[in-house]
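This report concerns only the one structure given below.
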Amino acid sequence: MCWACDRPGTDHRAYLDHIRRVITRHGWAVQYVGGDRARPPHAYTVGLTAAALPELVVTGLRAERATSMLNGAARDMLAGGPPSPGSTLALPGGGRVEVVRLSSPESHLAVALDLYGDDVRALQLVWADDRGRLPWHPVFRSNRGGQPVLGPRALAAS
């Protein structure tokens with residue numbers, strides 16, 4: 001169940017206070033946005049902006065997988081800096097992602113923008129299917145709902 005659903009009568013300000021406490025305790029929070037018939041779900045970090053880092057986003061994954069992926073990448077980024085758009089990262093437990101800079105973070109990171117204003121930058125972790133293919137491959141196999149890519153693909157720096 002969602003935080004607000006478990007607390008009837010609370011308002012958005014109370015939710016933002018909750019997110020601030022999570023950020024203070026862990027360094028960031030993960031915000032999950034459930035999908036519907038028109039849009040697949042997405043999840044993003046909130047709090048990396050305070051460390052002068054871009055927030056991270058994934059699309060088309062269930063909450064548990066998205067949270068695991070974002071938490072691992074956020075830990076790595078705090079230790080080693082942000083990845084470059086176009087770079088490929090190996091995931092713990094297998095698999096890989098390619099990094100894409102979001103064209104319009106304001107369209108997808110509402111809670112981060114509520115806390116940090118228009119200074120929010122974001123990178124998407126575009127995941128590969130079970131055969132290692134990314135969404136721009138002609139036979140990419142996504143789960144139900146797909147994986148929207150929220151920015152242009154960049155070539156990795158040589």
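The values are calculated or read from the model by the stated rules, or taken from the named source; none is laboratory data. In this text, all values refer to a predicted model and were calculated from it rather than measured experimentally. For neighbour counting, all protein chains shown are included, and Cβ atoms are generated from backbone atoms with ideal geometry for every residue, glycine included.
Please work out which one of (1) under 16 Å from A110 (Cβ atoms); (2) without any contact (Cβ under 8 Å) to a residue 40 or more places away in the chain; (3) among the hydroxyl-bearing types (S, T, Y) is the condition Y44 fails and give its number.
So the condition that Y44 fails would be (2).
Filter the range 24-78 down to residues that are in contact with a helix residue (DSSP H, G or I) (Cβ under 8 Å, 6 or more places away or on another chain), of a type in the set (S, T, N, Q) and closer than 20 Å to P148 by Cβ, then give me how many there are.
Count: 2.
For the range 83-107, name all the residues that are surrounded by 18 or more Cβ atoms within 10 Å (Cβ to Cβ), closer than 23 Å to D129 by Cα and not basic (K, R).
The answer is P83, P85, V97, E98, V99, V100, L102.
Take the range 50-64 and flag every residue that is without any contact (Cβ under 8 Å) to a residue 60 or more places away in the chain and not in a loop (DSSP other than H, G, I, E, B).
Within the range 50-64, A51, A63, E64 qualify.
When you go through L155, L123, L150 one by one, which is the residue that is in a loop (DSSP other than H, G, I, E, B) and either free of Cβ contacts under 8 Å to residues at least 12 places away in the same chain or crowded, with 17+ Cβ neighbours inside 10 Å (or both)? Give the steps one after another, and end with the answer.
On the way: L155 fails: either free of Cβ contacts under 8 Å to residues at least 12 places away in the same chain or crowded, with 17+ Cβ neighbours inside 10 Å (or both); L123 fails: in a loop (DSSP other than H, G, I, E, B).
Every option except L150 fails the conditions.
In the set A79, A112, which member is within 24 Å of Y15 (Cα to Cα), modelled with pLDDT of 90 or more and either over 15 Å from the mean Cα position of the chain (by Cα) or not in a strand (DSSP E or B) (or both)?
On the way: A79 fails: within 24 Å of Y15 (Cα to Cα).
None of the others qualify; the one that does is A112.
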